[in-house]
Amino acid sequence: MTTIPTEPTHAHLLRILARDYPAKAHAQILDWLDEFGVEDWHREHERVRLAILKLGEGELDTLRHYLEVAKRDHRDVLAWAEFPDAMKLGAPGPEGPNSQTRAAAARRDREAYAAWFWRS
């Protein structure tokens, strides 16, 4: 399994932007993405920006929506982008899925994210 960098760089972001979004929109998208990181509680800027690109799925309106979500609570976009199957399982509890089910979902999510990240 190919892994993603623990600290993605701006170069990673630019590669994925070029791969997934039309060239004519790149300057606008980069301006929008700069809106995340202005608050002192905004963390992991490139990781969050990558999550926004992933969730945007090449659509500017969708990207803008997830940017607004990230500006309020960046943990949401990280969870949705990096662990979508695990998030569908809900919170752990006595009635919820067992730890093996959760571990399998997390593994699938990591593999899917890595495949998205490294795709040409």
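Results, tabulated for the structure shown:
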{"item": "Length-normalised contact order of the chain in % [C-alpha pairs under 8 Å, at least 6 apart]", "result": "27"}
{"item": "Chymotrypsin sites (Phe, Trp or Tyr not before Pro) restricted to DSSP loop in region 1-107 with at most 16 other C-beta within 10 Å", "result": "TRP41"}
{"item": "C-alpha long axis of helix 10-20 to longest principal axis of the chain, angle in °", "result": "90"}
{"item": "Coil-residue trypsin sites (Lys or Arg not before Pro) of region 16-120, DSSP, other Cβ within 10 Å capped at 13", "result": "ARG43, ARG119"}
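Since every read-out is calculated from the coordinates, none of them should be taken as a lab result. For clarity, every value in this text was computed on a predicted model and none was experimentally measured. Neighbour counts are summed over all protein chains in view; Cβ atoms, including those assigned to glycine, are modelled from backbone coordinates with ideal geometry.
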